[in-house]
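Below is one structure, written out as structure tokens; comments come after it.
The values are calculated or read from the model by the stated rules, or taken from the named source; none is laboratory data. Everything numeric in this text was worked out from a predicted model, so none of it was measured. So basically every Cβ, Gly included, is an ideal-geometry build from the backbone, and we count neighbours across all protein chains shown. Ligands, DNA and RNA are excluded from the accessible area calculation, which covers all protein heavy atoms including side chains. Shrake-Rupley method; radii C 1.70, N 1.55, O 1.52, S 1.80 Å.
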Amino acid sequence: MTSSHPAGVAGRNRTGVVVPSYKEAANIAALLAAIRAAVPDSLIVVVDDSPDRATVDAVTAAGMDRVVVVHRSAKSGRGSAVIEGLRLLLERGCDRIVEMDADFSHDPAEIPGLLSALDSRQLDMIIGSRYLPASRIERWPLSRRLFSRAANIVAATLLRVPIHDYTNGFRVYTQPAARMVAETCGRIGSGFIPLSETLVNLWHRGYAIGEVPSVFVNRARGESSINATEISNAVVGIVKIFFLGRRLKQAQRTEVGR
């Protein structure tokens, strides 16, 4: 783990931001600056799975305080990167933690609105949703749009959490919700599956979840593609989460019946 500047004592940084990254050296300094502009007192953790240290070097060169970068030796997936970042931010006493991508598909300028909605609506987790009437998706190839829509329809049908976007990783958690995610999630699948797993874990444990409209802008280099392995893994993952939800509901009924 590398820190570009000492992060300070626990409890001083109330808002944390975790950014999972992979080969984002070209974007990361600008993203960090945009996050800091949106949330000046934030503590930012970048969890990088790149095969080289270019992203780590770019974070260090930015010279920003209250930024921690973790470089992992193998690509372990977005879900595990987020959980590692959540744990670090919880250790430092953050009471609200933002999760977002490193490629500017999630606009840092939207973070204050997410934080405000989390507090005013007394939620435990809020999602920047791509699928509310005021939401917008830009520059996404048709294959990705279709896959995302299909994945969300299947997830909504099987998992029954009352939200519209199961698979967007632009979220804010309260400290208790983040701690629950860190302790119980990350055991099912890869890709967007940990995002749906998080929703089911929190919802069936009684945490309040909501959404606000968000603008999602695809800025990834190259063309996204869908392959048979990704589709089959998604199907298997959703089925596993469905059974997880059933177990949690049964446990809740048993607890109420005592």
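Stretched out fully, how many nm does the piece from Lys75 to Glu91 gain, at 0.36 nm a residue minus the Cα gap?
Separation in residues times 0.36 nm, less the Cα-Cα distance, equals 3.4 nm.
Got a sec? What order do His204, His106, His164, His71 fall in by accessible area at 1.4 Å, biggest, i.e. largest, first? Display every interim value, and only then the final one.
Details: His204 25, His106 0, His164 105, His71 55 Å².
Solvent-accessible surface, decreasing: His164, His71, His204, His106.
If each of Leu142 and Ala208 carries a label point 7 Å out from its Cα toward its Cβ, how far apart are those two points in nm?
Result for the modelled spin labels: 4.3 nm.
Helices from the chain with mean Kyte-Doolittle at least -1.0 and a Cα length along the axis of 18 Å or more, per DSSP H: which? Write down the numbers at each step before the final one.
Numbers: long enough: 78-91 (20 Å, 0.58); 142-159 (25 Å, 0.81); 228-257 (44 Å, 0.22).
For the chain, where a helix must reach 18 Å along its axis and average at least -1.0, the hits are 78-91, 142-159, 228-257.
Just from its helices, what would the mean residue ellipticity at 222 nm be for the chain, if runs of 4 or more DSSP H residues each count -39500 (n - 2.57) and the sum is divided by every residue, rounded to the nearest 500 deg cm²/dmol?
Result for the chain: -14000 deg cm²/dmol, rounded to the nearest 500.
Taking 0.36 nm per residue of separation and subtracting the Cα-Cα distance, what length does fully extending Arg160 through Phe243 add?
Contour length minus Cα-Cα distance gives 28.7 nm.
Between Val236 and Ala33, what FRET efficiency follows from the Cβ-Cβ distance if R0 is 30 Å, with the result rounded to 0.05?
Efficiency at R0 = 30 Å is approximately 0.15.
Tell me the net charge near Thr184. Cut-off is 13 Å between Cβ atoms, Thr184 excluded, with +1 for each Lys or Arg and -1 for each Asp or Glu. Mind dumping the intermediate values first?
Working: positive: Arg87, Arg179, Arg187, Arg205, Arg247; negative: Glu183, Glu197.
Charge balance near Thr184 sits at +3.
Counting only heavy atoms of protein chains, what accessible area per residue, in Å², does the chain have with a probe of 1.4 Å?
Computed with neighbouring chains in place, this is 46 Å² per residue.
Take Ala117 and Ala54, extend 7 Å from each Cα along the Cα→Cβ direction, and tell me the distance between the two endpoints in nm.
Result for the modelled spin labels: 3.4 nm.
With the full set of protein chains in place, find how many percent of the accessible area of the chain is carbon and sulfur; take the probe as 1.4 Å.
54
Could you check the spin-label model distance between Arg149 and Ala251? Points 7 Å from the Cα along Cα→Cβ, value in nm.
According to this spin-label approximation, the distance is 3.6 nm.
Going by amide H atoms built from the backbone, whose H comes under 5 Å of the H on Val69, apart from near neighbours?
Here the answer is Thr2, Ser3, Ser4, Val46, since their amide H atoms fall under 5 Å of that of Val69.
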